[in-house]
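**Q** Sharing a structure, written as structure tokens. Questions coming.
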Amino acid sequence: MSETKTQLSGPDFAGGVALSAVPDGTLLLGHAQGEPVLLARRGDELFAIGNVCTHYDAPLNEGLLVDDTVRCPWHHACFSLRTGEAIRAPALDPVPCWRVEQQDGNVYVREKLEQARKQLPALLTDRPRFVVIIGGGAAGNAAAESLRREGYTGRITMLSADASVPCDRPKLSKSYLAGIASAESNFLRSPEFYQQHDIDLKLGARVATIDTASRHVQLVDGSKHAYDSLLLATGAEPVRLDVPGADLPHVHYLRTVADSSAIIAKALASQRAVVIGSSFIGLEVAASLRARNLDVHVVAPESCPMEKILGTEVGTFIRKLHEEHGVTFHLGTKATSIDEHNVTLENGETLQADLVVVGIGVKPAISLAEQAGLALDRGVKVNEYLESSVPGIFAAGDIARWPDRLTGEGIRVEHWVVAERQGQTAARNMLGWRERFDAVPFFWTRQYDFGIAYVGHAERWDEIEINGQLDARDCTITYRQGGRKLAVAVINRDIEGLRAEVEFEREIATIE
Ligand SMILES: Cc1cc2nc3c(=O)[nH]c(=O)nc-3n(C[C@H](O)[C@H](O)[C@H](O)COP(=O)(O)OP(=O)(O)OC[C@H]3O[C@@H](n4cnc5c(N)ncnc54)[C@H](O)[C@@H]3O)c2cc1C
Ligand code: FES
């Protein structure tokens, strides 16, 4: 992936290219001043921005040009062609921008432009003086950053029960656990970042109560923080396994950096691992432990892994993928007890285990919302602006159930990009924007060298269409209900995934 940053290809834009080399609506990769540059054309306008996505370094020239933005092919971040700004997560930082000049039928990329700082519009006079964010995860962090990016100068306090600064949670079951990524790369930002942006991040700060009448929160240590506007972004907690032996020290869960580090430490001294649960976390953990050469057994009650989310065909493919990598499945059964050396299953089997990782789902962390008297509906109920039933209190991320315009249903999803985008929208609405949250849900998973990206939301479907070849890892999978397209998953067809996202967005735009 780092090759994108270092290797230059295509024309040197400083020396100029013919305008005809960039037809309207296209992207052209080249370079200028030693950096990869993406030239984009929209009608008579030409733009030059950095070609490397600031999330995980994807080459943006393989993405999609949509209006005056470019969408990243890997995880659908969106950058402004005019300013380079990362308009939508998961990228949080802008890409550079260059001045473009046209002369005698040629296009030249000239000097790099300064990033403009935003000023908060004057009309937002009743903006909050004190913003408190509860949660230092995907949504909380994105919200704090967005507030500053939008020009908010008031006080921001971010209270996080985590011991470390906000982390890149998806890495914890993938590259970090597999031993590919360093511990430092887990953190979204350095502690200095929060100081520089005047975000008062308090770690190990668990909020015990919210007083909605006097507008303050109280931590378990008794300290209090007043707020004018509050964001609740407490995420989700792993569901605990309820069998004898589940509290033994070699039984692990995975949510935080500390959890992942503890699994790594145990894996280094282990030979056999049992993973309980065969959904995303369980299977990503299984793949990462195989990368560390452990003997891995996966136990789950369903007959096909990930069938509920991706369907039988994809589930069967994923099972085969893991078996080819040496994983043994024990499906249609459950763990009934655990001791220091074994996991006993309902079907009578006994599996040796030095390490057990439990990934049997999560539940939204809503106890604070409940205590504060917010309306709940299997999560915190919010309106299209992500505001809860109590004015001034917003909710975002894994806890929020919002009205999905595409289906007309209240939905709650547990995905990284959704949480970050909700944090961004909630932040703007805390400043009075009244922006509807109508981003199309997106998630990805990566296991071994296999990745799948999913756009939309299909809790149920009555038809799956596979276009292409699943076995060749080259296909588009469409999920429909009553003939209506609800979601699209792609394997090695990034551009199709981006097109599906834009198609859903355009459909949403027509719904009133
Ligand atoms: C290992 C792992 C891998 C994942 N991989 C993917 C992936 O590949 N793709 C994908 O789309 N999604 C993935 N996810 C899901 C994704 O990480 C979540 O959807 C996302 O983190 C949700 O963001 P959030 O801000 O709602 O919650 P979180 O990121 O969980 O943050 C919640 C924060 O709230 C804090 N908190 C909770 N209660 C309190 C309290 N009372 N007081 C103060 N602070 C509190 C917590 O300490 C934490 O800082 C993964 C999740 C995990 C755990
Ligand atoms: S690499 Fe661009 S969004 Fe992830």
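The values are calculated or read from the model by the stated rules, or taken from the named source; none is laboratory data. Fair warning: this is a prediction, and the values are worked out from it, not measured in the lab. As a convention, Cβ positions derive from the backbone with ideal geometry for all residues, glycine included, and neighbour counts pool all protein chains shown.
**Q** Would you mention how many residues in the range 479-512 are β-branched (Val, Ile, Thr) and either at pLDDT below 95 or in contact with a Lys or Arg (Cβ under 6 Å, 6 or more places away or on another chain) (or both)?
**A** Number satisfying all stated conditions: 4.
**Q** Tell me whether the range 20-42 contains one or more residues that are assigned to a loop (DSSP other than H, G, I, E, B), surrounded by 22 or more Cβ atoms within 10 Å (Cβ to Cβ) and within 16 Å of ligand 2 (Cβ to nearest atom).
**A** Within the range 20-42, none of the residues are assigned to a loop (DSSP other than H, G, I, E, B), surrounded by 22 or more Cβ atoms within 10 Å (Cβ to Cβ) and within 16 Å of ligand 2 (Cβ to nearest atom).
**Q** So which residues in the range 242-264 are more than 16 Å from ligand 1 (Cβ to nearest atom) and of a type outside the set (Asp, Glu), if there are any at all?
**A** 243, 244, 245, 246, 248, 249, 250, 251
**Q** Out of the range 69-83, which residues are crowded, with 24+ Cβ neighbours inside 10 Å, more than 16 Å from ligand 1 (Cβ to nearest atom) and not in a strand (DSSP E or B)?
**A** 81
**Q** Assess whether residue 358 counts as being surrounded by fewer than 21 Cβ atoms within 10 Å (Cβ to Cβ), aliphatic (A, V, I, L, M) and at pLDDT 95 or above.
**A** No.
**Q** Next question. What helices (runs of 4 or more DSSP H), lying completely within the range 268-376, carry at least 1 residues that are among the aromatic types (Phe, Trp, Tyr) and within 25 Å of the chain's Cα centre (by Cα)?
**A** Result: 280-291, 312-324.
**Q** Does the range 107-126 include one or more residues that are more than 15 Å from residue 431 (Cβ to Cβ), within 16 Å of ligand 1 (Cβ to nearest atom) and in contact (Cβ under 8 Å) with a residue 60 or more places away in the chain?
**A** No, there is no match, as no residue in the range 107-126 is more than 15 Å from residue 431 (Cβ to Cβ), within 16 Å of ligand 1 (Cβ to nearest atom) and in contact (Cβ under 8 Å) with a residue 60 or more places away in the chain.
**Q** With the requirement that a residue be touching a residue at least 40 places away in the same chain (Cβ under 8 Å) and touching a Pro at 6+ places or on another chain (Cβ under 9 Å), what does the range 345-361 give you?
**A** 358, 359, 360, 361
**Q** Just wondering, is there one or more residues in the range 230-237 that are in contact with an Asp or Glu (Cβ under 7 Å, 6 or more places away or on another chain) and of a type in the set (A, V, I, L, M, F, W, C)?
**A** yes
**Q** While we're on this one: I need the full set of residues from the range 223-242 which are under 27 Å from the mean Cα position of the chain (by Cα) and either outside any strand (DSSP E or B) or buried (at least 16 other Cβ atoms within 10 Å of the Cβ) (or both), in order please.
**A** Across the range 223-242, the qualifying residues are 229, 230, 231, 232, 233, 234, 235, 236, 238, 239, 240, 241.
**Q** Next up: Can you run down the residue pairs with Cβ atoms below 8 Å, 6 or more apart or on separate chains, where the first is in the range 460-475 and among the basic types (Lys, Arg) and the partner is surrounded by 13 or more Cβ atoms within 10 Å (Cβ to Cβ) and in a strand (DSSP E or B)?
**A** 460/481; 473/450; 473/491
**Q** Same structure again: Could you please find all residues in the range 50-71 being in contact with a Ser or Thr (Cβ under 9 Å, 6 or more places away or on another chain) and either within 7 Å of ligand 2 (Cβ to nearest atom) or farther than 23 Å from residue 8 by Cβ (or both)?
**A** Hits for the range 50-71 are 53, 57, 58, 68, 69.
**Q** Determine which member of the set 155, 149, 206 is over 27 Å from residue 273 (Cα atoms), near ligand 1 (Cβ under 10 Å from one of its atoms) and either modelled with pLDDT under 95 or surrounded by fewer than 19 Cβ atoms within 10 Å (Cβ to Cβ) (or both).
**A** 206
**Q** Does the range 10-28 contain at least one residue that is more than 16 Å from ligand 1 (Cβ to nearest atom) and within 23 Å of residue 185 (Cα to Cα)?
**A** no
**Q** Could I ask something else about it? Residues 423, 410, 432, 456: which one is away from ligand 2 (no atom under 14 Å from the Cβ), surrounded by fewer than 20 Cβ atoms within 10 Å (Cβ to Cβ) and modelled with pLDDT of 95 or more?
**A** 410
**Q** Any idea which of 96, 59, 36 is under 22 Å from the mean Cα position of the chain (by Cα) and either within 16 Å of ligand 1 (Cβ to nearest atom) or not small (Gly, Ala, Ser) (or both)?
**A** 59
**Q** Pick out the one residue from 258, 246 that is more than 22 Å from the chain's Cα centre (by Cα) and either more than 16 Å from ligand 2 (Cβ to nearest atom) or part of a strand (DSSP E or B) (or both).
**A** Being more than 22 Å from the chain's Cα centre (by Cα) and either more than 16 Å from ligand 2 (Cβ to nearest atom) or part of a strand (DSSP E or B) (or both) holds for just one of 258, 246, which is 246.
**Q** I'd like the residue in the range 459-494 that is basic (Lys, Arg) and part of a strand (DSSP E or B) and, out of all such residues, is surrounded by the fewest Cβ atoms within 10 Å (Cβ to Cβ).
**A** Residue satisfying both the conditions and the ranking: 484.
**Q** Do you know which residues across the range 21-63 are touching a residue at least 60 places away in the same chain (Cβ under 8 Å) and β-branched (Val, Ile, Thr)?
**A** Scanning the range 21-63 gives 22, 37.
**Q** Sticking with this one: Among the residues of the range 129-146, what is the count of those that are more than 20 Å from residue 225 (Cα to Cα) and surrounded by fewer than 23 Cβ atoms within 10 Å (Cβ to Cβ)?
**A** 1
**Q** Another one. Can you pull out every residue in the range 173-209 that is small (Gly, Ala, Ser) and assigned to a strand (DSSP E or B)?
**A** 208 - this is the single residue of the range 173-209 that is small (Gly, Ala, Ser) and assigned to a strand (DSSP E or B).
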